[in-house]
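Visitor: Okay, handing you the structure first.
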Amino acid sequence: MTRFKRRTSSTATPEEIAEFEASLKLPHPRGKSGRLHAAAAPDSPPAGPAAINRAAVSKRPHNGIDRSTRQKLRRGRIAPTRTLDLHGFRVSEAWAAVREFALEAQAGGHRCVRVVTGRKLGEAGPTGALREALPEIVRSPALRGVVLGCEPAPTRHGGDGAFHLLLRIRPTR
């Protein structure tokens, strides 16, 4: 049986060791409640009605869908069954085209659809008028009852130039 030798030398400098030991003596920034104390975090924004409890926000569904469904959509595990290509469209034309496409897809019983916006590679990454406008189009009141979520498509489904839309299931009457 092979025994591992314990390291006796430290790669940390004496200043780093002293700083570490001093940090152990400080009060823990989170109390028994698990919340961050304001005194422990001087750089944090002031508490008040505008302050957001990040722990509560992370548990809420994002974009109308829960985390596991959002990951499946983002990773391409929910395959799109229809595609709308917006190449050559203006933003004003895209509003009507996406609305009509989403309504028809929902009426046809489709759950996930792909909208190809195209991309324009800029210095700060992929940009483009349609790419930036699509999330706003999807959040519009006209589509709020149709589209649950909008996530960028994985690389094999269009990458930066496409989005997957998860549609609401139509209630049966």
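Visitor: Would you point out the residue of the range 80-116, among those that are among the small types (Gly, Ala, Ser) and in contact (Cβ under 8 Å) with a residue 40 or more places away in the chain, that is nearest to PRO141 (Cα to Cα)? Break it down into steps so the answer makes sense when it comes.
Guide: Step one: filter the range 80-116 for residues among the small types (Gly, Ala, Ser), giving 88, 92, 94, 96-97, 102, 105, 107-109.
Those still in the list that are in contact (Cβ under 8 Å) with a residue 40 or more places away in the chain too: 94, 102, 105, 107, 109.
Values: ALA94: 15, ALA102: 13, ALA105: 18, ALA107: 18, GLY109: 21 Å.
Looking at residues that are among the small types (Gly, Ala, Ser) and in contact (Cβ under 8 Å) with a residue 40 or more places away in the chain, I get ALA102.
Visitor: Just one of (1) modelled with pLDDT under 90; (2) over 12 Å from LEU167 (Cα atoms); (3) surrounded by 12 or more Cβ atoms within 10 Å (Cβ to Cβ) trips up ILE65, so point out which.
Guide: Of the numbered conditions (1) modelled with pLDDT under 90; (2) over 12 Å from LEU167 (Cα atoms); (3) surrounded by 12 or more Cβ atoms within 10 Å (Cβ to Cβ), the odd one out for ILE65 is (2).
Visitor: Sticking with this structure for a sec: Taking the conditions exactly as written (modelled with pLDDT under 90, of a type in the set (D, E, K, R) and farther than 14 Å from LEU165 by Cα), does ARG74 satisfy them or not?
Guide: It is false that ARG74 is modelled with pLDDT under 90, of a type in the set (D, E, K, R) and farther than 14 Å from LEU165 by Cα.
Visitor: So which residues in the range 64-86 are among the aliphatic types (A, V, I, L, M) and either closer than 14 Å to VAL147 by Cβ or in contact with a Ser or Thr (Cβ under 9 Å, 6 or more places away or on another chain) (or both), if there are any at all?
Guide: ILE65, LEU73, ILE78, LEU84, LEU86
Visitor: How many residues are surrounded by fewer than 16 Cβ atoms within 10 Å (Cβ to Cβ), touching a strand residue (DSSP E or B) at 6+ places or on another chain (Cβ under 9 Å), in a loop (DSSP other than H, G, I, E, B) and not β-branched (Val, Ile, Thr) when one looks only at the range 68-84?
Guide: Total meeting the criteria: 1.
The values are calculated or read from the model by the stated rules, or taken from the named source; none is laboratory data. Model, not experiment: these values are computed from the prediction. Backbone-built Cβ (ideal geometry, glycine too); neighbour counts: all protein chains shown.
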